[in-house]
Amino acid sequence: HSYVIPTIANSQPTNFGNCIALLGYALNASKLRAGDSLQPTVYWQALGMMNESYKVFVHLTDAKGNIVAQQDAIPGAGTLPTSSWLPREVIRDTFNLTLPADVPPGLYRIRIGFYDEATGKRIEVLDAGGRAVQDHVVLESIIQVVGK
């Protein structure tokens, strides 16, 4: 278990239901070609103990919000269920999104969130006042897909 917050390339503090904080993320690339792999690494912090083992969803979406690549997984490639996290623990979590061979050039975004696999219910993202504002966060970086 680690409680040290590392240097994070892109800070984007986000509160998931007062139980998980997104601290920020790093990307292996911001310009890709069709068929390439995008590997976002996100940094979570447990805000308390959780009885549930939530799954993370990571979607690469086009300008209309359509999913072009995705990965759903228990954090840590299945090895770090949220039910094992300790309060204030920091978790480094890397995903792999392979772009389809026919993905058109353009600008894309990454959206990410948590859900209960048994019910499909997502953890709400809370604003500074504690109000639910959405059920995912869109990372601030823009991904550019260039020609093949």
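The values are calculated or read from the model by the stated rules, or taken from the named source; none is laboratory data. Nothing here was measured: the structure is a model prediction, and the numbers come from that model. Don't worry about glycine lacking a Cβ; one is built from the backbone with ideal geometry, like all the others, and counts go over all protein chains shown. All accessible areas refer to the heavy atoms of the entire protein, side chains included, with ligands and DNA or RNA removed. Shrake-Rupley method; radii C 1.70, N 1.55, O 1.52, S 1.80 Å.
Quick look at the numbers
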| read-out | value |
| --- | --- |
| Ordering of 50-57, 116-123 by burial proxy (mean other Cβ atoms within 10 Å per residue, highest first) | 50-57, 116-123 |
| Packing rank of 41-48, 133-140, 5-12, 77-84, where each peptide gets the mean count of other beta carbons within 10 Å, highest leading | 41-48, 133-140, 77-84, 5-12 |
| For the chain: accessible area per residue (Å², 1.4 Å) | 50 Å² |
| For the chain, share of DSSP beta bridges that run antiparallel, in % to the nearest 5 | 95 percent |
| Theoretical gain in end-to-end length, Val138 to Ala34 [0.36 nm per residue, Cα-Cα removed] | 35.3 nm |
| Solvent-accessible area, 1.4 Å probe, carbon plus sulfur percent, for the chain | 50 percent |
| Of Gly24, Ser37, Asn96, farthest towards positive along the dipole that unit charges on Lys, Arg, Asp, Glu beta carbons give the chain | Ser37 |
| Gain on full stretching of the segment that runs from Ala73 to Ser53 - 0.36 nm per residue minus C-alpha separation | 6.1 nm |
